[in-house]
Structure formats: structure tokens, C-alpha cells
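The values are calculated or read from the model by the stated rules, or taken from the named source; none is laboratory data. Values in this document were obtained by computation on a predicted structure and should not be read as measured data. Cβ coordinates were reconstructed from backbone atoms using ideal geometry, including for glycine residues, and neighbour counts include every protein chain displayed. What goes into the accessible areas is simple: the full protein's heavy atoms, side chains included, and nothing from ligands, DNA or RNA. Shrake-Rupley method; radii C 1.70, N 1.55, O 1.52, S 1.80 Å.
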Amino acid sequence: MVWDEEDMTGQRHEFEQLTVLEAEAIGQPGQRRFRLIAGSGNDLVLLWMEKEQLQALGLAIEQLLEQLRLAGLVRGRIPNQPAKLQGGLPPTTPEYLVGRMAIGYDEERRQIAIFAHDIEQGEDEDPIFAGRATLPAAKALAEQIAAVIAAGRPRCPRCGAVIGPEGHVCPYDNGHLPWEG
């Protein structure tokens, strides 16, 4: 890992090989906060983001893996091998609020590269976080993200609206939809 020690907000975290790469939601459905835990061993970073950002990351990884298959850079099935956290989070784990993210493919290492910029960073600044993950770890992360997103509030099977803890008034049941005869 490379440290640029200007101050806590100026630190850069760069990992040649991510051994920890997990997505999780904290809180009750409808009140959840989302984060990515990434790093190597006990040297970790917490990247907080919006649900939509996390979902977009998962979809981007899935699309990149499919593009690699179509280009012939990946042959056969990619196994699902998660890069899991062993034990708990160290109390001094740095945390950042993600403003924007990017992914790419490191062809030389045959790994997925993930980059995150803190919300307070300027457009021309280097990312606060950069790490590389094996294809199996990236695939496992994309699947985990899909599960985390799907574990939110259920949707009404009739109208598709979110059903909150207080319930749901479906327009199909209360007469507010126009009649189609």
C-alpha cells in the first residue's frame, strides 16, 4: 500500500492485491447505508456510497466480465471466490464518502482495477482508493452486491412500489387507477 501523508483527507490507499472486498448494508430496509470494505489483511478502507452507486458498481463489474469473455480474454467459467474479511474491522479503519468510482481491466495482471474518489476531491485529483482484484473476487463482489441490493424493502407484486414497514396502499386495490375495460 502507498501512503501520501498530507493529512487524513489527503491519504491515498493503493492495493496491488485486494484480499478483502465486501459489500454490505447497515441498518433496516429503507434506512440502510451502504459501504464497500476493501484492502489487504487488516489494512482496510471503508468506502461509503449511495445504494445506486453500489448497484452501478456491481453492474459495471458484471458488464466488464462479460466484455472480457466476448473479447476472448477470459475463457471458461469464472469461479466465485470471495475476498473475505477475517475477524472484525480495526478501530482506526479510514472511512470515505465516495463521490465517483471507476473500474477497468489490468491486462498485464489479468485483474479488475477499482478506483474511488472521495466526494470532496476535485476532478483532476488522483483517486483516494485504488485496488486490484482477481476475476473470481470481482465476480463474487458483483454477486454479493446484487444480494445486498435485493435484500432491501420488498416491492408490491401488483404495482411495483416499495412496501415500507407501515405497509402499502396499492393503487390497484384502492380504485385510484384508471379503469381499463
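Restricting the range 139-168 to residues that are part of a helix (DSSP H, G or I) and open to solvent by 30 Å² or more (accessible area, probe 1.4 Å), the residue that is modelled with the lowest pLDDT is Ala150. Does Ala102 satisfy being under 20 Å from Trp48 (Cβ atoms), among the small types (Gly, Ala, Ser) and crowded, with 16+ Cβ neighbours inside 10 Å? No, not satisfied.
Counting residues in the range 48-71 that are over 16 Å from Ile145 (Cα atoms), open to solvent by less than 50 Å² (accessible area, probe 1.4 Å) and assigned to a loop (DSSP other than H, G, I, E, B) gives zero.
Among the residues making up the range 105-138, a single one is open to solvent by 50 Å² or more (accessible area, probe 1.4 Å), in contact (Cβ under 8 Å) with a residue 24 or more places away in the chain and among the basic types (Lys, Arg): Arg110. Scanning the range 73-85 for residues that are open to solvent by 60 Å² or more (accessible area, probe 1.4 Å) and free of Cβ contacts under 8 Å to residues at least 12 places away in the same chain yields Arg75, Arg77.
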